[in-house]
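Reading through the structure tokens given below for one structure.
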Amino acid sequence: NKKMIKKMIKKSQGDVDDPQTISNFISIKSVVTSIERIADHATNIAEATIYYLKGEDVRHLNIADINLSEEKK
């Protein structure tokens with residue numbers, strides 16, 4: 001999200017006074033924020049599913065540390 005905003009500012013040098021440019025930035029920012037929220041929800045669903053199936057809390061683990069196999073440790 002932050003990288004996208006920085007890139008938009010760089011590309012808009014000189015066109016910031018144009019109302020269409022500002023409108024486009026607001027639209028793109030809204031879309032990026034929505035996609036970010038979708039990703040957060042998907043992560044929460046995956047974490048809840050792992051907890052439901054395995055009884056393990058994986059919210060603060062690295063993905064490489066999560067054992068997704070059926071066997072218990």
Next on the checklist: I'm checking my understanding of the structure. Among residues of region 1-41 that are open to solvent by 60 Å² or more (accessible area, probe 1.4 Å) and of a type in the set (A, V, I, L, M, F, W, C), which one is modelled with the lowest pLDDT?
Outcome noted: VAL16
Checklist entry - Could we say that GLU56 is at pLDDT 75 or above and in contact with a Lys or Arg (Cβ under 6 Å, 6 or more places away or on another chain) here? => result no
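The values are calculated or read from the model by the stated rules, or taken from the named source; none is laboratory data. Please read these numbers as outputs of a predicted model, since none were measured by experiment. Positions of Cβ are generated from backbone atoms using ideal geometry, with glycine treated the same way; all protein chains shown enter the neighbour counts. We work out accessible area using only protein heavy atoms, side chains counted, and drop any ligands, DNA or RNA first. Shrake-Rupley method; radii C 1.70, N 1.55, O 1.52, S 1.80 Å.
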